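The values are calculated or read from the model by the stated rules, or taken from the named source; none is laboratory data. Computed from a predicted structure; not experimentally measured. Every residue, glycine among them, receives a Cβ derived from its backbone with ideal geometry; neighbour counts consider all protein chains shown.
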Amino acid sequence: MSKDKTQQTVQTTGHAWDGDLQEFNNPLPSWWLWAFYATVIFAIVYWVLYPTWPVGNTYTKGVGNDITYTTTDGKEVTSHWNTRSLLLKDLADARAEQAKYVEQLKAASYSDIAKDEEKSAFAYSMAKVLFADNCAACHQAGGNGVIGPYPNLLDDAWLWGGTFEKIEETIRNGHVGNMPGFKGQLSAREIDNLAEYVLSLSGQGSDATKAQKGKPLFSSNCAVCHGQDAKGQILMGSANLTDSIWTIVNVPAAATPEAKRAAIVNLLKTGKSRQMPAWKDRLSDTEIKILTFYVHELGGGQ
C-alpha cells in the first residue's frame, strides 16, 4: 500500500513531527462517552440532593427529607439529612427497640427468661456487653477466671451458690472470702501432714501415713469452714476439696507430686483473701438480673 493511500484511509490530528511522524485521531467509544456524561449528570443531581459544598462557615444542606431522632438525654432533634443524623436516628431507634426488650426482662422471672428463646437470646447478647465492661477485667472475657485471685465461672463449682438467687446476691452485694494461714498455729510437720490429707481428698497422689496423721488436723482446723466431709459450705464460700477443682492453687497442673504438695503447703501457711465487689450501686436492678442469667448459663447453674 502506498504512502498516499495510507494517509487517505487513516484519520490524523494534523500534527506532524520530523516530517512523517503523525498523531492518529482515535475517538473514544460512544458507550464510554455516554457513561462519562451520565456521571456528570449524577454528580450534579447529588450536589443538589445531599449536603455537599462548603460555603463560608457552612455548607449546602441539600433538599433531602429532614431527620428527627431522640438523643440519649431524651431531647427530640430535627436535622437536615446527613449521614451523621442518619446514624444518630438509627442508634435512637435501636435504643428504643432495646428498651422494649429490657422492660420485658425486667418484668419476667428467671425461669420465664430461660424458657423464652427470644428473651434469653436478647438477655445473653446484652449480658455479654455488660460482662465485658464490668466483669471480664477479673474473670476474663470467657469467664474462665485466673486461678488464685478470680474464680472460674465455667466449671459449675459455685463457692457462694449457683442458683439464680445466690448468683444475684453475689453480684448485688459482693463477697469477702478469707482462707486463714496456719503458719503460727501449726508446726511445719503438721502443715505437711495436713497438706497430704488435702491432696488425698481429691484423689491426688499422697503419702497415706502422713495423710492419716493430717485427718484429725483437718477436723480441728479446717472442717469449720470446709465441713467434715470437705465438700465446702456455701454460707462460708469455702471450696469443695473433693472435686479436683482448685480455685486458689493449680494443683493438677503441678508437674510432680512434690510440686503439688509444695503448693498446698504454701497456701496452708500463708492463707488467702479475696473480695468480690458489690455492683448494686453501679448497675441497675435489670442489668444485675441480666448478668445473673448470663453467669448462671456460663457454668450450667444449679
- request: Could you check, for the stretch 10-26, whether at least one of its residues is free of Cβ contacts under 8 Å to residues at least 12 places away in the same chain, assigned to a helix (DSSP H, G or I) and among the polar types (S, T, N, Q)?
  value: no
task: Hey, can you tell me all the residues within the stretch 59-87 that are surrounded by 14 or more Cβ atoms within 10 Å (Cβ to Cβ), within 35 Å of the chain's Cα centre (by Cα) and closer than 15 Å to TRP47 by Cα?
output: TRP81, ASN82
message: Looking only at the stretch 127-155, filter to residues that are within 9 Å of the chain's Cα centre (by Cα) and without any contact (Cβ under 8 Å) to a residue 24 or more places away in the chain; which one of those is nearest to HIS296 (Cα to Cα)?
response: GLY142
Unique residue being assigned to a loop (DSSP other than H, G, I, E, B) and not small (Gly, Ala, Ser) when the list is THR72, THR68: THR72
message: Could you list, ordered by first residue, the pairs with Cβ atoms under 9 Å in which the first is in the stretch 169-183 and assigned by TED's automatic domain parsing to the domain that holds ASN266 and in contact (Cβ under 8 Å) with a residue 12 or more places away in the chain and the second is of a type in the set (Lys, Arg) and part of a helix (DSSP H, G or I), at least 6 apart or interchain?
response: GLY181/LYS269; PHE182/LYS269; LYS183/LYS269
message: Condition first: of a type in the set (Ser, Thr, Tyr) and either part of a loop (DSSP other than H, G, I, E, B) or not assigned by TED's automatic domain parsing to the domain that holds LEU201 (or both). Now tell me which residues in the stretch 219-272 satisfy that.
response: SER238, THR242, SER244, THR247, THR256
query: Failed condition for VAL198, given (1) at pLDDT below 95; (2) crowded, with 16+ Cβ neighbours inside 10 Å; (3) of a type in the set (Val, Ile, Thr); (4) in the same structural domain as ASP281 (by TED's automatic domain parsing), with all others met?
result: (4)
- prompt: Just to be sure, is THR39 closer than 14 Å to ASN82 by Cβ and without any contact (Cβ under 8 Å) to a residue 12 or more places away in the chain?
  reply: no
- request: For the stretch 285-297, indicate whether the set of residues that are under 26 Å from ALA137 (Cβ atoms) and assigned to a loop (DSSP other than H, G, I, E, B) is non-empty.
  value: no
query: If we keep just the residues of the stretch 150-195 that are hydroxyl-bearing (Ser, Thr, Tyr) and within 16 Å of ALA239 (Cα to Cα), which is surrounded by the most Cβ atoms within 10 Å (Cβ to Cβ)?
result: THR170
query: Is the stretch 164-187 home to any residue that is closer than 25 Å to GLY300 by Cβ, aromatic (Phe, Trp, Tyr) and touching a helix residue (DSSP H, G or I) at 6+ places or on another chain (Cβ under 9 Å)?
result: yes
task: Considering every residue within the stretch 49-58, establish whether at least one is closer than 28 Å to ALA92 by Cβ, under 45 Å from the mean Cα position of the chain (by Cα) and in contact (Cβ under 8 Å) with a residue 24 or more places away in the chain.
output: yes
task: Name the residue, out of ASP90, ASP156, ASP133, ASP112, that is at negative phi and either touching a strand residue (DSSP E or B) at 6+ places or on another chain (Cβ under 9 Å) or in a loop (DSSP other than H, G, I, E, B) (or both).
output: ASP90
- prompt: Is there any pair with a first residue in the stretch 77-98 that is under 18 Å from THR58 (Cα atoms) and not assigned by TED's automatic domain parsing to the domain that holds TYR59 and a second that is small (Gly, Ala, Ser) and not in a strand (DSSP E or B) whose Cβ atoms are under 6 Å apart and which are 6 or more apart or on different chains, and what are they?
  reply: SER79/SER85; TRP81/GLY64
task: Just give me the residues in the stretch 167-185 being modelled with pLDDT under 95 and either charged (D, E, K, R) or over 39 Å from the mean Cα position of the chain (by Cα) (or both), in sequence order.
output: LYS183, GLY184, GLN185
query: Picking from THR52, THR39, which residue would you name as being on the phi < 0 side of the Ramachandran plot, assigned to a loop (DSSP other than H, G, I, E, B) and assigned by TED's automatic domain parsing to the domain that holds VAL10?
result: THR52
